[in-house]
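Some notes on the structure that comes next.
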Amino acid sequence: MDSSKEVSLEIFPYIRVYKDGTFERLAGFEITPPGLDPETGVESKDILILPDAGVSARIYRPSSASATKKLPLVLYFHGGAFIISSIADPKYHSSLNALVAECNFVLVSVDYRRAPEHPLPAAYDDSWAALQWIASEEARCEPWLRDHADFDRLFLMGDSGGANMSHHLAMRLRDDVLGKRVKLSGIGMIQPYFWGETPIGAEVADPGRKAWVDSWWRFVCVSDKGCDDQLINPFADGAPGVDGLACKKVLVIVSEKDILRDRGRMYYEKLVESGGASAAEFMEIEGVDHVFHIFDPSCEAAKRLFERVASFVSSDGDDHKEGECGLNGA
């Protein structure tokens, strides 16, 4: 912190804004290079996918991947409240190495633009453009994707804000011509970041934490609807909900101690009610908080999360499933 400057606003634990208009991120600014991870045997490399916007991506593949057997393809969006983190964040890098090793798929992690330099909907625009890129001939000519990825087994996946964007991309595919070209197999939503003005569930008993999360969204999105803006509350008045979600199946994973938990459960319940996806799965992990697997991808609960994602991607299930999973759960 620069003690010589007056603080105008602090959005804990993400960013501090000064009265002179400058700011500093409080977390998620570290970087680590791509390469072979000896612990998991996963390889990664960075590529520029949107030159005009300067948006890059980090591709992950198991080092054992063979050109004779194509693997599912995952387009991944990291979290960070649209403010912090990147594809080079050491915590995300370690977590995605572990996820790819467990799930045996090819993963493309998108480095979308962040607020406050690029206010929303910049992150959504970049993520949509990344999906357009995945559908392009350029992506099919990228050597790692050409040799190892099955473009007909495409999944959107993300945690927190990234899960939120995965939902919105699938909804946009419903009405866009791109939906006729992209064969979307499913969405994996890990502790999705949805919110609303009126508290529900655990939010009612914790007004302090509710106000804290309110401040995150109001910082990144200037809207007269506040936390009932359609981007953060898909079930607000006038929002499209989940009707017509453009995919076969959806997995929603929440954490017991996460203040966002009840929004994730509501999303799952609304999805089941809509009859949209042919298979909807839900998992609640006991004893852990928001994005715990990013901070400790080697813990037992993280391993269970990765195993559930692996099962979701590899299966062709068509039944609604709900599971409660804790450290000793099933």
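The values are calculated or read from the model by the stated rules, or taken from the named source; none is laboratory data. Since this is a predicted model, take the numbers as computed values, not measurements. Note that we place each Cβ from the backbone using ideal geometry, even for glycine, and neighbour counts take in every protein chain shown. Just so you know, the surface numbers come from the protein's heavy atoms only, side chains and all, with ligands and any DNA or RNA stripped out. Shrake-Rupley method; radii C 1.70, N 1.55, O 1.52, S 1.80 Å.
With mean projected area of the Cα convex hull in nm² in mind, check (1) 17.1; (2) 20.0; (3) 15.7 and report the label derived from this structure.
(1)
Tell me, what is the 1.4 Å probe accessible area of PHE29, in Å² to the nearest 10?
Accessible surface of PHE29 is approximately 120 Å².
For ILE285, enumerate residues with amide H under 5 Å from its amide H, sequence gap 5+ or separate chain, H modeled in the peptide plane.
Residues meeting the criterion, in which the H sits 1.01 Å from N, are VAL254, SER255, GLU256, CYS325.
For LYS270, give me every one of the aspartates and glutamates with a C-alpha distance below 14 angstrom, ignoring sequence neighbours fewer than eight places off in its own chain.
ASP243, ASP262, GLU281, GLU322
To the nearest 20 debye, what is the magnitude of the charge dipole of the chain about its Cα centre, counting +1 on the Cβ of each Lys and Arg and -1 on the Cβ of each Asp and Glu?
With only Lys, Arg, Asp and Glu charged at Cβ, the dipole is about 620 debye.
Going down the table (LYS183/LYS303; LYS180/LYS210; LYS45/LYS210), which pairs top 32 Å between alpha carbons?
Correct reply: LYS180/LYS210; LYS45/LYS210.
Return the sequence-ordered ³J(HN,Hα) values of segment 255-272 in whole Hz as given by the Karplus equation 6.51 cos²θ - 1.76 cosθ + 1.60 applied to θ = phi - 60°, using x for Gly and Pro.
Along segment 255-272, the couplings run 10, 4, 8, 7, 5, 7, 3, 5, 5, x, 5, 4, 4, 4, 5, 5, 5, 4 Hz.
Gaussian network model of the chain, Cα springs within a sub-10 Å range: biggest mean-square fluctuation belongs to which of LYS19, LYS270, LYS210?
Largest GNM mean-square fluctuation: LYS19.
Just want to confirm a number: the relative contact order over the chain, from Cα pairs under 8 angstrom separated by 6+ residues, in percent.
Over the chain, the number comes to 15 percent.
How high is the relative contact order of segment 1-123, given as a whole-number percent (alpha carbon pairs under 8 Å, six or more residues apart)?
Computed value for segment 1-123: 24 percent relative contact order.
Per 0.36 nm of contour for each residue apart, how much would the distance between ALA239 and ALA67 grow if the chain were fully extended, relative to their Cα-Cα spacing?
So the chain would gain 57.6 nm between ALA239 and ALA67.
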